[in-house]
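**Student:** Dropping the structure in here first, questions after.
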Amino acid sequence: MSALEGPTLHVRGHVLIGDDREVGDLWVKDGRVSLTRPSAQGTNMVDLEGWVLPGLVDVHCHVGLGPDGAVDTATAQAQALVDRDSGVLLVRDAGSPADTRWIQGRRDLPRLVRAGRHIARPKRYLRHYGLELDDPAQLPEAVRREARAGDGWVKLVGDWIDRDLGDDGDLRPLWPDDVLAEAVAVAHAEAARVTVHAFSDEVIPSLLAAGVDGIEHGTGIHPDLMYDISERGIAVTPTLLQVGRFEDIARQADARYPRFAARLRRLHARRYEQARALHDAGIQLLVGTDAGGTIGHGRLADECAELVAAGIPSAAVVAAASWQGREYLGFTSLVEGATADFVVYPADPRLDVEVLRAPTAVVLRGEIVRH
């Protein structure tokens with residue numbers, strides 16, 4: 001290797017590869033990671049120092065979505081850049097009405113795993129967000145289409161307020177059990193996984209019976225079912241930033257839907273207890289902000305801080321937000337030859353999750369995009 005062929009970056013300090021795995025040095029050449037000291041250092045090599053994490057992962061994010069539905073390309077790009085500069089280099093888009101495939105061709109934007117559009121029922125989800133099916137029997141075929149159009153994920157809305165019940169309006173499941181089970185089987189036949197929006201307790205048994213792969217929010221999961229979820233390997237994304245908004249939503253719903261408002265207040269009051277119980281039951285927790293719509297992008301550090309406030313150890317939260325989240329989505333960590341996606345911090349975020357708020361460098365595809 002000549003000097004001109006040498007690495008472009010050298011990071012020294014604490015390179016965190018995974019659980020209890022750490023090395024002292026990392027080099028980047030041609031956008032790839034090398035953990036072996038090169039024979040030539042390169043004439044223009046940049047040196048960085050600190051604690052290094054594989055790129056952060058936001059597994060519940062909505063690039064291309066705003067409060068009123070799909071946004072234009074410039075707005076979607078701005079959303080992705082805010083995520084990137086926060087250290088989020090891998091995003092699972094958990095439903096978007098916008099076609100964001102163009103992001104996958106941009107080397108300066110985070111890697112994107114798309115789930116296609118939310119699948120819901122008319123008047124049973126947020127307007128202009130999802131694909132609304134007039135007949136529940138249409139669900140399996142809709143899932144087939146979204147599975148083929150996405151990147152191995154399908155997003156279903158499992159429950160939402162049923163306003164047709166008037167004063168008794170409250171969260172209710174959207175799909176008959178047999179239709180839901182058939183739809184999940186269709187997704188699996190298309191080599192796609194299914195994750196489901198679920199606030200209530202009523203919807204959880206049908207999700208388990210159908211064999212879903214992930215549960216978003218999970219505020220209503222009963223303790224009696226938590227160990228079953230853990231044994232099945234179903235991951236849960238608590239989205240505590242979103243659940244933290246439940247009191248505000250309840251206040252708006254008080255006059256017309258008092259039962260719904262009361263339920264949201266109960267879920268809000270025990271949100272930390274619920275997240276901690278999910279962790280203690282051995283369920284794989286993923287870290288997702290639910291950015292887009294009503295929550296701003298670039299807030300993964302806030303979500304991590306919420307999980308720590310719930311009583312989950314900082315080290316466990318950092319692992320979930322980095323190498324564990326990447327592995328869950330099928331991406332490598334900082335191993336020999338892997339793509340060089342990582343974030344450098346001035347201190348160890350496993351000891352203090354607040355460190356995640358201030359990266360000293362963000363490296364995407366081997367290029368420093370924030371320093």
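**Student:** At most 16 other Cβ atoms within 10 Å and a DSSP loop assignment: could you name the chymotrypsin sites (Phe, Trp or Tyr not before Pro) in segment 213-289 that fit?
**Tutor:** Taking segment 213-289 and a limit of 16 other Cβ atoms within 10 Å, no loop chymotrypsin sites (Phe, Trp or Tyr not before Pro) are found.
**Student:** Give me the 1.4 Å probe accessible area per residue for the chain, excluding ligands and nucleic acids, in Å².
**Tutor:** Values: 14970 Å² over 371 residues.
Per residue, the chain has 40 Å² of solvent-accessible surface.
**Student:** If you don't mind, another one. With a 10 Å cut-off between alpha carbons and a GNM built on the chain, which of Val355, Val344, Val287 moves the most?
**Tutor:** The residue with the greatest mean-square fluctuation here is Val355.
**Student:** I've got another one for you. Throw me the Rg/Rh for segment 98-251, computed over C-alpha atoms with Kirkwood Rh, two decimals.
**Tutor:** Radius of gyration relative to Kirkwood radius: 0.97.
**Student:** Tell me what the chain gives for mean residue ellipticity at 222 nm when only DSSP H runs of n ≥ 4 count, each as -39,500 (n - 2.57), the sum divided by the residue total, rounded to 500 deg cm²/dmol.
**Tutor:** Dividing the helical sum by the residues of the chain leaves -8500 deg cm²/dmol.
**Student:** Moving on to the next point. Could you tell me what percent of the accessible area of the chain is made up of carbon and sulfur, with a 1.4 Å probe and every protein chain present? Don't skip to the answer; put the middle values down first.
**Tutor:** Working: 7170 of 14970 Å².
Summing carbon and sulfur atoms, their accessible area is 48 percent of the total for the chain.
**Student:** Treating the beta-carbon of each Lys and Arg as +1 and of each Asp and Glu as -1, no other charges, what is the dipole magnitude of segment 1-137 about its Cα centre, to the nearest 20 debye?
**Tutor:** Approximately 320 debye in magnitude.
**Student:** While we're here: So for segment 47-184: antiparallel DSSP bridges make up what percent, rounded to the nearest 5?
**Tutor:** Restricted to segment 47-184, the bridges split so that about 30 percent are antiparallel.
**Student:** Which percentage, to the nearest 5, of the DSSP beta bridges contained in the chain is antiparallel?
**Tutor:** 45 percent
**Student:** Which values of log₁₀ I(q)/I(0), to two decimal places, follow from the Debye formula for the chain at q = 0.06, 0.10, 0.13 Å⁻¹ with a uniform point scatterer at every Cα?
**Tutor:** Once normalised to I(0) and log-transformed, intensities are -0.23, -0.62, -1.01.
**Student:** In the chain, with Lys and Arg counted as +1 and Asp and Glu as -1 at Cβ, which of these residues, Gln324, Ser34, Val143, has the Cα nearest the positive end of the dipole, that is, farthest along it?
**Tutor:** Projecting each Cα onto the dipole axis, the largest value belongs to Ser34.
**Student:** How would you rank 327-339, 87-99, 170-182, highest first, on the average number of other Cβ atoms within 10 Å across their residues?
**Tutor:** Result, highest mean Cβ count within 10 Å first: 87-99, 170-182, 327-339.
**Student:** Might you report the magnitude of the Cβ-based charge dipole of the chain about its Cα centre, with Lys and Arg at +1 and Asp and Glu at -1, to the nearest 20 debye?
**Tutor:** It comes to approximately 600 debye.
**Student:** For segment 1-123, report the % of Cα-Cα distances exceeding 21 Å.
**Tutor:** The answer is 53 percent, as a whole percent.
**Student:** For Arg163, project a label point 7 Å along Cα to C-beta. Then give me every residue of segment 100-137 with its amide nitrogen under 12 Å of that point.
**Tutor:** Residues 122-128 fall inside that zone.
**Student:** Continuing with the same structure: From the protein chains alone at 1.4 Å, what is the descending order of accessible area for Arg101, Arg37, largest first?
**Tutor:** Putting Arg101, Arg37 in descending order of accessible area: Arg37, Arg101.
The values are calculated or read from the model by the stated rules, or taken from the named source; none is laboratory data. All values reported here derive from a predicted model rather than from experimental measurement. Heads up, the Cβs are rebuilt from the backbone with ideal geometry, glycines too, and the neighbour counts pull from every protein chain shown. What goes into the accessible areas is simple: the full protein's heavy atoms, side chains included, and nothing from ligands, DNA or RNA. Shrake-Rupley method; radii C 1.70, N 1.55, O 1.52, S 1.80 Å.
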